[in-house]
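What follows is a single structure, written as structure tokens, with notes after it.
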Amino acid sequence: MHNDDLPEHEYLGDDFDDAQDNELDEPLEITHCGFVAIVGRPNVGKSTLLNHILGQKLSITSRKPQTTRDQIIGVKTEGHVQTIYVDTPGLHKGEDKAINRYMNRTASSALKDVDLVLFVIEAERWTEQDEVVLQRVQYADAPVVLVVNKVDKLEEKDELLPRLMQLSEKMDFAQIVPISALRNSNLDRLEKLVESYIPEGSQYYPEDQITNRSSRFLAAEIVREKITRQLGQEVPYEVAVQIEEFVYEGSTIHISALILVERDGQKRIIIGDKGAKIKLIGREARIDMENLFQYKVMLNLWVKVRSGWSDDERALASLGYQED
């Protein structure tokens with residue numbers, strides 16, 4: 001019988017055998033991709049933790065509580081594993097204003113459809129607000145790892161083990177990991193643990209992408225961070241930053257940012273004596289932007305009073321505080 005007389009499915013030929021051998025020699029790489037929510041009360045070090053894991057400043061930090069207002073997506077890709085971290089505003093009691101209600105909804109929504117939850121607390125104390133977060137994470141569908149941050153602040157190191165035993169009684173945590181995010185202590189152990197929970201799947205982002213946030217958003221966050229760091233309790237939460245211009249010209253980015261406050265007194269504080277304070281805020285923000293964007297930055301700042309913006313749902317939406 002000639003080859004031409006064979007049924008099509010029976011005639012495979014030498015080329016097919018070679019291709020089959022090559023496929024066996026070069027198996028497809030299995031990739032992993034998953035989402036990890038970082039939750040906790042305000043000012044426990046969630047943003048610091050994310051920045052150190054990524055090895056780059058992405059989420060703004062401050063000693064002032066509730067600095068983070070939005071979900072910040074941080075992407076870390078190492079080989080075949082991509083971990084997508086979701087840094088959230090601190091969950092807190094009290095929803096007096098629209099901005100507070102927005103932050104609580106944003107933080108709570110991060111618990112949905114994730115593969116792992118990192119519940120961050122301070123080693124030194126367990127507060128009523130930690131209890132509020134605990135009540136939320138108990139209903140998460142994903143495993144919950146308790147991350148005990150700031151262990152370097154414990155006065156006596158032998159306090160740590162009894163403290164961890166006490167915390168283990170709060171709920172059935174998947175693991176309890178003591179760390180110091182600021183000191184970069186024990187983060188390697190935490191990351192290995194996180195990686196063990198990342199399921200098989202296609203990766204969402206290119207390996208060199210570290211966030212889904214726009215450059216405009218990051219620029220606004222940097223300015224807001226410098227305001228909170230410079231002014232502390234002098235200016236409360238009624239501060240927002242809106243990027244009016246973000247233009248590339250050769251090797252330079254021209255950025256114009258509008259700082260919104262609610263009262264004339266806040267405007268005077270931010271500007272400072274003869275404009276000294278706003279110049280300092282601008283200088284520090286520009287340095288961080290140049291480090292982040294790897295471009296020379298020309299930054300212009302000005303301040304405007306918009307009364308009641310933090311308790312106005314429509315005003316919040318116009319400033320970008322919108323839930324997906």
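No value in this document is a laboratory result; all are computed from the given coordinates. Everything quoted here is computed from the prediction, not taken from an experiment. Neighbour counts run over all protein chains shown; Cβ positions are idealised from the backbone, glycine included.
Are there chymotrypsin sites (Phe, Trp or Tyr not before Pro) in the stretch 154-248 that DSSP marks as loop and that have at most 10 other Cβ atoms within 10 Å, and which are they? Passing sites in the stretch 154-248 do not exist. Bridgeable lysines around LYS76 (alpha carbons under 19 Å apart, same-chain partners fewer than 8 residues away excluded): LYS46, LYS57, LYS192. Note on TRP302/SER196: beta-carbon distance plugged into 1/(1 + (r/R0)^6) with R0 of 51 Å gives a FRET efficiency of 0.55. Name the long-range amide H neighbours of VAL303: under 5 Å, sequence gap of 5 or more, or other chain; modelled H, no Pro or chain starts. The list, which skips near neighbours in sequence, is ILE259. Put in order of Cβ neighbour count within 10 Å, fewest first, the listed residues SER215, SER59 become SER215, SER59.
On the basis of the beta-carbon distance and an R0 of 25 Å, GLU156 and ARG189 show a calculated FRET efficiency of 0.70. Straight-line cross-link reach from LYS304 at under 24 Å between alpha-carbon atoms covers these lysines, not counting any fewer than eight positions away in the same chain: LYS64, LYS97, LYS226, LYS267, LYS274, LYS277, LYS279.
Rounded to 0.05, the FRET efficiency of the SER214 and LEU182 pair, given R0 = 22 Å and the Cβ-Cβ distance, is 0.20.
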